[in-house]
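The values are calculated or read from the model by the stated rules, or taken from the named source; none is laboratory data. Small disclaimer: the values here were computed from a predicted structure and weren't measured. Note that we place each Cβ from the backbone using ideal geometry, even for glycine, and neighbour counts take in every protein chain shown. The area values use the complete protein model at the heavy-atom level, side chains included, leaving out ligands, DNA and RNA. Shrake-Rupley method; radii C 1.70, N 1.55, O 1.52, S 1.80 Å.
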Amino acid sequence: MPSTSVEPCTFALFGALGDLALRKLFPALYQLDRATLLHDDTRIMALAREAGTPQQHLANIEEHLRLFVAKAQIDEETLRRFLARVTYVHVDFMNEADYLNLAEQIGPNEQLIAYFATPAAVYGAICENLHKVGLADRARVVLEKPIGHDLASSRRVNDAVAQYFPENRTYRIDHYLGKETVQNLIALRFANSLFETQWNQNYISHVEITVAEEVGIEGRWGYFDQAGQLRDMIQNHLLQLLCLIAMDPPADLSADSIRDEKVKVLKALAPISAEGLTTQVVRGQYIAGYSQGKPVPGYLEEENSNTQSDTETFVALRADIRNWRWAGVPFYLRTGKRMPQKLSQIVIHFKEPQHYIFAPEQRLQISNKLIIRLQPDEGISLRVMTKEQGLDKGMQLRSGPLQLNFSDTYRSARIPDAYERLLLEVMQGNQNLFVREDEIEYAWKWCDQLIAGWKKSGDAPKPYAAGSWGPMSSIALITRDGRSWYGDI
């Protein structure tokens, strides 16, 4: 296999037999190997507490690779090579003696990457034990979300990690930042004067960010009921997308330049008042309905549910940014479970031309929209107004797309999964796509005031049928401003 620019490393995956590792991380590492982006000498240590022989666990990893990697992308020679890199090591994350055994298997000059696919509650203990056996000083640590459930708990987790790992060796993952289209936001905005000169309150009417999930809880009741949709999705994914849309141009493409600008956006988010909780925020909880034509239970009817739970499975809100660029431009954020379809998209609505010369009944059409799709089909579409074709159409207008569909445009190239990009960036020591500690803190500060407001008001989430776009009040939230959610059926 040819060598690459990536240096060799030992990739230590804590929680290697969990759902995240088996479903996402091992397939991503396999794809990097398949693309010859792993150094010949890179090896993978699968660390977990489960009983059983190493052979049994390696067979389990192979089984899941064949399940979650497309059959056409399974190359038997590559698979054998990849599995030869993997060593299973039994580690009790709280037991220092097990780390001594781990340290004996890692050479003194090896670059160690410690990936925590574990609950955040054990991050501190793992870091402390890595330090005790002399591994922390030459390791990079990768932290999975959620990091805490509020500002205070996130600080405890980050402080525990920071005792042994400085910020320049700490990589906090938000997998949305690894998506190809999210990366293209930087290029789209700052490499094209067509957009950057108009990327402000003079030309943009409003912005929508929707992350809809078709699935329900999927057996994650214990975690989700303690978190809810605001903590699980808004606090990290949607606020990160908002930052990339709203930030000012960074001085350069270095990690800190980009993250400095994102922090400025988070600091400029206007708090939502107690009165605003009734007009700017809607939270809901799905009841029984239909998904893909089949009946599905409500949230309180899911297996192992607490029938008295008031945890939200849906949030829609209006956010306002207090700076020159975005004064008066609302950002509408919406996310929920048991939606009609799986959809992640950003819609930039441009203002109408001030001087209108066409038929009055067509005026509602006159609005350019930039649609950035993250899933299911990544791509970018700009809707522009053109004339209808035909001798009998006169100057009748139509809205049509100028679009870049990644899967169609780059037919010969496979679009990499977000985790592939992020893992490669960690190996290269590049922090551009990872979240800095102060970003986490400002995001939690803004979300904490919403949670506190809900708790004080005692209002229950509004019901919505599974398979719908959420409570009716979420439609009223945006129509109150004379607008509507783009593309709702």
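Rounded to the nearest 0.05, the FRET efficiency derived from the C-beta distance between Arg480 and Lys294 at R0 = 41 Å is 0.75. Here the label points at Met472 and Glu180, each 7 Å from Cα along the C-beta direction, are separated by 4.2 nm in the simple model. Taking 0.36 nm per residue of sequence separation and removing the Cα-Cα distance, the Ser257/Asn192 pair yields an extension gain of 21.5 nm. In a fully extended conformation the segment linking Lys264 and Glu77 would gain 62.5 nm over its present Cα-Cα distance, using 0.36 nm per residue. In nm, give the distance between the simple-model label positions of Ile451 and Trp324, each being 7 Å from the Cα along the Cα-to-Cβ direction. For Ile451 paired with Trp324, the spin-label model returns 3.6 nm. For region 292-302, the Karplus equation 6.51 cos²θ - 1.76 cosθ + 1.60, evaluated at θ = phi - 60°, returns couplings of 6, x, 10, x, 9, x, x, 4, 6, 9, 5 Hz by residue, with Gly and Pro reported as x.
If you bin all the Cα-Cα distances of region 171-296 at 5 Å, starting from zero, the percentages per bin are 2, 7, 14, 20, 17, 14, 12, 8, 5, 2, 0. With the biggest extent put first, the Cα atoms of region 429-489 measure 45, 34, 26 Å across the principal axes. For the pair Asn101 and Asn202, the difference between a 0.36 nm per residue extended length and the Cα-Cα distance amounts to 30.2 nm.
Okay, which of region 438-465 sit inside 13 Å, backbone N to the point 7 Å along the Cα-Cβ direction of Ser153? Inside the label zone: 448.
Remark: spin-label model distance Thr279-Glu50 equals 5.3 nm, labels positioned 7 Å along the Cα→Cβ axis.
Working note: Cα atoms of region 96-193, range along each principal axis, descending, whole Å: 57, 35, 19. The distance separating the Cα centre of region 172-213 from that of region 12-42 comes to 29 Å. Taken along its three principal axes, the alpha carbon spread of region 242-322 comes to 52, 32, 24 Å, from the longest extent down to the shortest. To the nearest 10, the accessible area of Lys132 is 100 Å² with a 1.4 Å probe.
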